[in-house]
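What follows is a short report on a single structure.
The values are calculated or read from the model by the stated rules, or taken from the named source; none is laboratory data. Source: prediction; values computed, not measured. Counting neighbours? That spans all protein chains shown, and the Cβs are built from the backbone with ideal geometry, glycine included.
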Amino acid sequence: MYESITLSLTGNTTTLSVHYFPAIDVYDDSEIALLNLQTYNTFPNINETNNHFEIHLENPDRLLNNNTFPTCYITLKKGCYGIKDIKNQILTQIDDCYNDNEYIGIKLTEKITFDIGIDQIDFKTTIFSNVMCNIAQGSFNNHMPSHSVYEFSPTENIGTKVIQSPTKLIYYKLNKTNIDLITIQLVDQGHNPINNLESDILDISSPFETDSKITKIEYHSYTPYTTSFNNNDEIRISIQQTDVYPYLNESFIYLEGQVSDAGKVKLTNNGFSYLFEQIRLEINGIEVDSTRVLGITSSLKGYLSGTPDNYNCYENAGWIFKNSSNPANSNGEFSACIPLKYWLGLFEDFKKILVNSRLELILTRFHSDLNALKVITSASTNSGKVVLNKIVWKVPHITVDDEERLKLLKLIEKEKSLFIPFRSFETFEYPELGTTKKVVWNLKTASKLEKPRFIIIGLQKGRKNSLEKDCGVFDHCNITNVKVFLNSIAYPYDSLNLDFAKNNFTLLYDMYTSFQESYYKKSIRNPILSPSTFLTHAPIIVFDTSKQNDSAKASSVDVQLEIEASESLSGVTAYCLLTHDRIVEYVPFTREVHNGNELQWPDILHGVMFAYRTAQHNSTKYSPLFVLYQRDPVLPVDVKFQTNIDNNIDEYSFCLDFDERT
């Protein structure tokens, strides 16, 4: 005789689970159905897909200098909101645009007000919901098996109670006969969990809490050992204190200086970066990150990472491509604040403090200032000079409360390894592409650990070391197609078939805009360049190679570029920026630093000796390498290695690698 069991799950979390001990034993043909569901309609209706948009003031009397209209950028808070609350958020942000006496360079003499009509369906992200049960089977979603036991569409008003009592029960078979755990969860039409209890509009009894772990954040200034900042000089700035907690992500370089002959030349776009050839960061005396060709690298990366919202921050760092202003005054005097996350990948990606570490930042001045300067219209000169009077590294120090400090001290005492994952920048230069229309550039052979994730190409014609042109701007050079080959895999799969004479460059712009979506995991593309500005200032080529088969057996990756143009590439210089993953391991207790991407050969010397001793010729008893080359093995050329399941070097996998043809 069959029995009926009614199970009730209640709670204030989005996922309800209950364990049964002893487990409930049921028949093989038992079924389950939903009798009743009660919750609240606090389903989030504002998320990353609909919380950001623009409002343009289309009034001919308020055109900007570039013949565009002022724009209000609206960003709504994520969560669950009624229509009235959404409207108030929008109107408040519009008012903020006009409350300022000067908005994007235009003085508004009167306040503009208007009403907004909002349809609730525009802010309904949950079209229908599924009730998922881990022990149910038999339902399908998009032809795939699912654990759904009930589906409904929430129609109740925001904040009201949702009651679902099916008039006709639908039973589903169970996927187990011994029930020790039942889990119930709500998911949306895309089978994404619905966190409808994240909203706090119903949580009226929650206590007020403050986060007092961080008690103070203050910027400390660090200056170089030397006061000489001339061309080719190496400038070192150190943080020797080990009892402080520096937060590198928000640190920046502060510059003061003067441009000679300010009446004839001015700084180029991103000109401050072109004053330096290289920047390096050392932790406890070990180099962990560096960027070469700093001006070109930061220009390529800046055009990709910037957004219209943070252009003012870029302008404070010397970016002037939108308004062509001069960072220096009439006497040539200037100052600038340059976030180091514009220059080094570690500063951008690592958003944590460092503990018990000595830091040193090394800047190398470029041998000439020509790339940082541009002749002013109607002026003529063959030389230019930038004098740097002050360089300061501004680093925020984090002060924590006693409880957190004790935790950090205990962490150090455990001699535990900490890791710094980030994406490093590596730039290559092809000084002269030649007189042909097609060039094949064998860029490098990268190790499997440092295979490129993004490849960015910029071309310039007649800009390097020339005061006549802005070195912070790139040219399209009438290219028709560009391909990247990682071993035998081509990116992109199809040819681009560009034709700038016919304004056919939209594929290139789409590749450019997709960078932020992939690199920063954003759901909205918001590039700093419009299509027209992209064409005139930075028609760069972006390849997303982040999706690769990391389990492939190839130990190295050959990177090759093919560049084709409709006319001769004479006088064209090509730059290629690679971004690849890196990880640095450091032990705060011993202050040891290891670059996870580099093999520590002394640590595996015993494996090499094992290979050398055992790889003997059958008759002579000599090693094959010695017989062929009359020399002992040379590290690392003559040895291959692999790791075992614990990611440690397996000495029994070592073998000699030699040429059989000799």
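Miscellaneous remarks
- Within the range 563-598, the residues that satisfy the criterion of being of a type in the set (D, E) and either part of a strand (DSSP E or B) or over 24 Å from the mean Cα position of the chain (by Cα) (or both) are E564, E567, D581, E585, E592.
- Applying the condition of being out of contact with any strand residue (DSSP E or B) (no Cβ under 8 Å at 6 or more places or on another chain) and of a type in the set (S, T, Y) to the range 293-336 and asking which residue is modelled with the lowest pLDDT yields S324.
- Of R292, R280, all but one fail to be touching an Asp or Glu at 6+ places or on another chain (Cβ under 6 Å) and either closer than 26 Å to Y512 by Cβ or surrounded by fewer than 20 Cβ atoms within 10 Å (Cβ to Cβ) (or both); the exception is R280.
- When residues in the range 128-146 are screened for being in a loop (DSSP other than H, G, I, E, B) and without any contact (Cβ under 8 Å) to a residue 24 or more places away in the chain, 2 of them pass.
- Which listed residue is modelled with pLDDT under 75, over 30 Å from P527 (Cβ atoms) and part of a loop (DSSP other than H, G, I, E, B), from T42, T49: T42
- Some residue of the range 518-532 being touching a Leu at 6+ places or on another chain (Cβ under 6 Å) and either at pLDDT 95 or above or not assigned by TED's automatic domain parsing to the domain that holds S290 (or both): no
Quick grid of which residues meet (1) assigned by TED's automatic domain parsing to the domain that holds F366; (2) among the basic types (K, R); (3) modelled with pLDDT of 95 or more; (4) under 23 Å from C313 (Cα atoms):
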residue	(1), (2), (3), (4)
T242	yes, no, no, no
F252	yes, no, yes, yes
E256	yes, no, yes, yes
K266	yes, yes, no, yes
S273	yes, no, yes, yes
E277	yes, no, yes, yes
I283	yes, no, yes, no
T291	yes, no, yes, yes
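- For the range 379-412, the set of residues classified as more than 30 Å from H367 (Cα to Cα) and touching a Pro at 6+ places or on another chain (Cβ under 9 Å) consists of P396, H397, I398, L408, L411, I412, listed by residue number.
- Condition check for L486: assigned by TED's automatic domain parsing to the domain that holds G458 and more than 17 Å from H580 (Cα to Cα): no
- Cβ pairs under 6 Å, 6+ apart, first in the range 324-338 and of a type in the set (G, A, S), second modelled with pLDDT of 95 or more and surrounded by fewer than 15 Cβ atoms within 10 Å (Cβ to Cβ): S335/E256
- Given (1) under 47 Å from the mean Cα position of the chain (by Cα); (2) part of a strand (DSSP E or B), number of the condition P22 does not satisfy: (1)
- Condition check for L267: within 20 Å of the chain's Cα centre (by Cα) and touching a residue at least 40 places away in the same chain (Cβ under 8 Å): no
- Annotation note: Cβ proximity below 8 Å between a residue of the range 166-181 that is in contact (Cβ under 8 Å) with a residue 24 or more places away in the chain and more than 20 Å from L37 (Cα to Cα) and a residue that is among the polar types (S, T, N, Q) and in a loop (DSSP other than H, G, I, E, B) (sequence gap 6+ or interchain) occurs for T177/S30.
- From E102, E58, E54, residue being among the acidic types (D, E) and at pLDDT 70 or above: E54
- Selection of the range 147-165 for residues being in contact (Cβ under 8 Å) with a residue 60 or more places away in the chain and among the acidic types (D, E) yields only E156.
- The test for being surrounded by 11 or more Cβ atoms within 10 Å (Cβ to Cβ), in the same structural domain as N88 (by TED's automatic domain parsing) and at pLDDT below 85 holds for I118.
- N331 vs. criteria surrounded by fewer than 18 Cβ atoms within 10 Å (Cβ to Cβ) and not assigned by TED's automatic domain parsing to the domain that holds T513: yes
- Of the residues making up the range 297-321, those that are more than 26 Å from A574 (Cβ to Cβ) and assigned to a loop (DSSP other than H, G, I, E, B) number 1.
- Residue match in the range 475-497 (condition: within 21 Å of S447 (Cβ to Cβ), out of contact with any strand residue (DSSP E or B) (no Cβ under 8 Å at 6 or more places or on another chain) and assigned to a strand (DSSP E or B)): yes
- Residue count for the range 504-557, restricted to those that are among the small types (G, A, S), part of a loop (DSSP other than H, G, I, E, B) and farther than 28 Å from S488 by Cα: 3.
- The strands (runs of 3 or more DSSP E) found wholly in the range 358-425 and carrying at least 3 residues that are under 27 Å from the mean Cα position of the chain (by Cα) occupy 359-365, 386-400.
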